[in-house]
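Quick note: the coordinates plus some simple rules give every number you see, no bench work behind them. As the structure is a computational prediction, the values presented were derived from the model and not from experiment. Please note: Cβ atoms are built from the backbone with ideal geometry, for glycine as well, and neighbour counts cover all protein chains shown.
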Amino acid sequence: MSTVWPELEPLLGRVQKPARYIGCEDGARIPEHGPGRVSWLLLYPDTYEVGLPNQGLQILYELLNERPDAAAERSYAPWTDLEELLREHGVPLFSLE
């Protein structure tokens, strides 16, 4: 899997709440991608603060990452300040992991 961190990091200083885009909360996992593993991106259609407490998303994330044949990551819709910067700089939507 590739990372957008080199393109994303300079943009975070220009948004109101950069911490919502870096993950690092308790229970977050670093997924192990590889042969024989299905990669999942669980995308919540609202911001991090709205989506993080969603129990359905948390349950799916945990269940998938407990499986030896799956690796799940999470993504949330960016707030308008980062959305504008992502479009302007051609940076795609990314996962927290």
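Near the amide H of Leu42, within less than 5 Å, lie the amide hydrogens of Glu73, Arg74, Ser75, all on another chain or at least 5 residues away, with H placed in the peptide plane.
A simple rule links phi to the HN-Hα coupling: the Karplus curve 6.51 cos²θ - 1.76 cosθ + 1.60 with θ = phi - 60°, which for the range 61-74 gives 4, 5, 4, 5, 6, 7, 7, x, 10, 9, 9, 10, 10, 10 Hz, with x for Gly and Pro. With a 10 Å cut-off between alpha carbons and a GNM built on the chain, which of Leu63, Leu43, Leu12 moves the most? So, out of Leu63, Leu43, Leu12, the one fluctuating most is Leu63. In this structure, the amide hydrogen of Gly23, modeled 1.01 Å from its nitrogen in the peptide plane, lies closer than 5 angstrom to no residue at least 5 positions away or on a different chain.
Only helices enter the 222 nm calculation for the chain: every DSSP H run of n ≥ 4 contributes -39,500 (n - 2.57), and dividing by all residues gives -9500 deg cm²/dmol, rounded to 500.
Quick check on the chain: what does the Kirkwood estimate of hydrodynamic radius come out to from the alpha carbon pairs, in Å? By the Kirkwood definition, the hydrodynamic radius is 14.2 Å. Amide H contacts for Ala70 (H built 1.01 Å from N in the peptide plane; partners 5 or more residues away or on another chain; cut-off under 5 Å): Val38. Phi angles of the range 47-57 translate, via the Karplus equation with coefficients 6.51, -1.76, 1.60 and θ = phi - 60°, into HN-Hα couplings of 5, 3, 5, 7, x, 4, x, 5, 5, x, 5 Hz per residue; Gly and Pro are given as x. Neighbours of Leu41, meaning other residues whose beta-carbon lies under 12 angstrom from its beta-carbon, give a summed charge of -1 when Lys and Arg score +1 and Asp and Glu score -1.
Here the 3J(HN,Hα) profile of the range 9-23, calculated from phi with Karplus coefficients 6.51, -1.76 and 1.60 at θ = phi - 60°, is 3, x, 7, 5, x, 10, 10, 5, 10, x, 4, 5, 10, 10, x Hz, Gly and Pro shown as x. Take the Cα coordinates of the range 1-53, assign each an equal point scatterer, and use the Debye formula without solvent to give log10 I(q)/I(0) at q = 0.13, 0.27, 0.30 Å⁻¹. Values returned for q = 0.13, 0.27, 0.30 Å⁻¹ are -0.44, -1.30, -1.30.
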